[in-house]
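The values are calculated or read from the model by the stated rules, or taken from the named source; none is laboratory data. Not measured: the values here are computed from a predicted model. Cβ placement follows ideal geometry from the backbone for every residue including glycine, while neighbour counts extend to all protein chains displayed. Surface accessibility is based on the protein's heavy atoms, side chains included, excluding ligands, DNA and RNA. Shrake-Rupley method; radii C 1.70, N 1.55, O 1.52, S 1.80 Å.
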Amino acid sequence: MGDNARLMSEEIEIKLALPEAARRAFLRHPLLARAQRLPARKLVNVYYDTPDLALRGQGIALRTRRQGRGWLQTVKCAGAVLGGLTLRPEWEQPFAGRFDFSAVDDAGVRDALERHRLAGELAPAFETVFERRGWRLAPSRGSAALILLDRGWIAADGRREALCEVEIELERGDPAQLFDIARALAAELPLRPEIRSKAERGYRLRANAPPSPVKAAPSPLLPAHAPREAFARVAAACLAQFQANALGAGEADAEFIHQMRVALRRLRSALRLFRPLLPEGFEAAVVPPLRELASLLGQARDWDVLAEEILAPACRAFPGDARLAALAVAVDSRRQAARAAVPPALAARPLALALLDLAAGLQRAAAAPGEASLADFAARRLRRLRRKALALAQAARDMEPARLHALRIGVKRLRYAAEFFAPLYRQRGVRDTLAALTALQDSLGALNDLSRAGPLLVQCLDSDPALREAVALTGGWHGPRHAVLQRLTLQGLRRLRKLKPFWKD
């Protein structure tokens, strides 16, 4: 190991995207005036990987950085991301033109790097070039954090992407101070949490790949987790799904909006599920902005469903019908207006502050002392949700729309809870329960879509009688499907009543 090699350290930071137009306002922020200004530096970074990007597949980033007249070698691994706070192991040492991984004291990481080095496979993959301006802030004795402004570009295969972001990095002290700093900045600036590392953005640019919709990941829970830590991990996973799909909010694919909505539904279900463990006022602080955004996403999703799943099949069934074509134009106009309202809402300051508050709460929850076993807590909550779902199912046997809507919500909450707690139980029982709940939720959701379609279609009507005829034609075409969905729902209700609680296995 070289004399100047540095053993593994843990990088703890929050990353925030800063619009270029707000850069000057950032530099005038009072927080920076009270901080120690550090010398500005130009940083040139070259990231290496194999031709098939094997390091990326193993969650390893290998980078060289020019600093003054010398170069520095850095190895980073994919770390934990908890609501915007990134904790990532890294190893640094001088670079003299030849890779040396002897300082990497994680045997698996070192072996992977050495294997590709010895095979001569490591080659430049992309680079980042930016100016870094920094400030050191010491809020209290024993604590210090760096505020870093990086502005420049990422380049790969002849393509460039602008870079303008703020990093708040812990030097010493409690990681919670990073959220305090981030919130103070975001209260006056259009900052938003950035979940992508520079390396991730570089790889995406190299692949010339646009963002793609992200579905919910499997539950991150382990039986050994304490209930509060379990909440932090589940909520952080929901938040990560939301933020990943927010990157595609302006894309044509309607699935981004759908998956954002799913992520918020799962997050709000997690807040309700773990409510007995949450500090007083926690939900009241973070839920209102999320509820407002969920409503906006719901409106956009309703128009997407109306266009793609209600009206489009009728148009295909009656090709060339001018009335349906005119109705499709009217629906699309309102659909585009609803979708155009989403990106400004995502960029709004109250949402950024709510996400930071939520992330800070998750960080505190994850660090809280342990309490009762997660298995006992999960069984109590699942038992309660099952009783509620069965009561709602009993009430909805008459297929009255309002009762079916309430049942759909109850089934959804039970399903999400079962998914969250799934790793604690035998998988066969969990799979059977989830299959039954998913099928029932699907039929209830389709019935709900049909019931919501009528009021939306009415909004598209004007004095043209042809549009009214098109609405009637669409409703008539879906009549048989409505009857089928009702039969499926009744079957699902019977199956729900017969399900055995998997948490008693």
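Within region 292-319, the set of residues being open to solvent by 50 Å² or more (accessible area, probe 1.4 Å) and within 30 Å of the chain's Cα centre (by Cα) comprises GLU292, SER295, GLN299, GLU308, GLU309.
Of the set (1) open to solvent by 50 Å² or more (accessible area, probe 1.4 Å); (2) within 17 Å of PHE274 (Cβ to Cβ), all apply to HIS225 but (1).
Check off (1) touching a residue at least 24 places away in the same chain (Cβ under 8 Å); (2) of a type in the set (Gly, Ala, Ser); (3) open to solvent by 50 Å² or more (accessible area, probe 1.4 Å) for ALA391 and give me the number that stays unchecked. Looking at each condition in turn, ALA391 falls short on (1).
Here is a check on your reading of the model: is PRO218 in a helix (DSSP H, G or I) and more than 25 Å from ARG160 (Cβ to Cβ)? No, not satisfied. When you look at ARG66, is it in a strand (DSSP E or B), surrounded by fewer than 18 Cβ atoms within 10 Å (Cβ to Cβ) and at pLDDT 95 or above, yes or no? So ARG66 does not fit the description; no.
When the residues of region 242-278 are filtered to those that are open to solvent by 10 Å² or more (accessible area, probe 1.4 Å) and free of Cβ contacts under 8 Å to residues at least 40 places away in the same chain, the one that is farthest from TYR416 (Cα to Cα) is ALA252.
Does LEU496 fit the bill of being within 20 Å of GLU308 (Cβ to Cβ), at pLDDT below 95 and part of a helix (DSSP H, G or I)? Judged against the criteria, LEU496 is not a match. Based on this model, can you work out whether GLN459 counts as surrounded by 17 or more Cβ atoms within 10 Å (Cβ to Cβ), touching a helix residue (DSSP H, G or I) at 6+ places or on another chain (Cβ under 9 Å), of a type in the set (S, T, N, Q) and more than 30 Å from ALA224 (Cβ to Cβ)? Here the answer is no, as GLN459 does not meet what is asked. Just wondering, is there one or more residues in region 467-480 that are under 20 Å from ALA418 (Cβ atoms) and surrounded by 13 or more Cβ atoms within 10 Å (Cβ to Cβ)? There is no residue in region 467-480 that is under 20 Å from ALA418 (Cβ atoms) and surrounded by 13 or more Cβ atoms within 10 Å (Cβ to Cβ). Just to check your reading of the model, which residue among LEU324, LEU351 is in contact with a Leu (Cβ under 7 Å, 6 or more places away or on another chain), farther than 23 Å from PHE242 by Cβ and open to solvent by less than 40 Å² (accessible area, probe 1.4 Å)? Every option except LEU324 fails the conditions.
For region 349-357, the criterion of being in a helix (DSSP H, G or I), over 17 Å from ALA230 (Cα atoms) and either modelled with pLDDT of 95 or more or basic (Lys, Arg) (or both) is met by at least one residue. Considering VAL44, VAL104, VAL109, the condition of being more than 30 Å from GLN177 (Cα to Cα) and either in a loop (DSSP other than H, G, I, E, B) or not acidic (Asp, Glu) (or both) is satisfied by VAL109 alone.
Checking ALA439, ALA422 one by one, the residue that is open to solvent by 30 Å² or more (accessible area, probe 1.4 Å) and assigned to a helix (DSSP H, G or I) is ALA439 and no other. With respect to the conditions (1) farther than 20 Å from TYR47 by Cα; (2) of a type outside the set (A, V, I, L, M, F, W, C); (3) open to solvent by less than 20 Å² (accessible area, probe 1.4 Å), THR74 lacks only one, and its number is (1).
Just one of the numbered conditions (1) touching a residue at least 60 places away in the same chain (Cβ under 8 Å); (2) of a type in the set (Gly, Ala, Ser); (3) open to solvent by 60 Å² or more (accessible area, probe 1.4 Å) is not true of ALA33: (1). Of all residues in region 178-210, those that are within 18 Å of ARG141 (Cα to Cα) and open to solvent by 20 Å² or more (accessible area, probe 1.4 Å) total 1.
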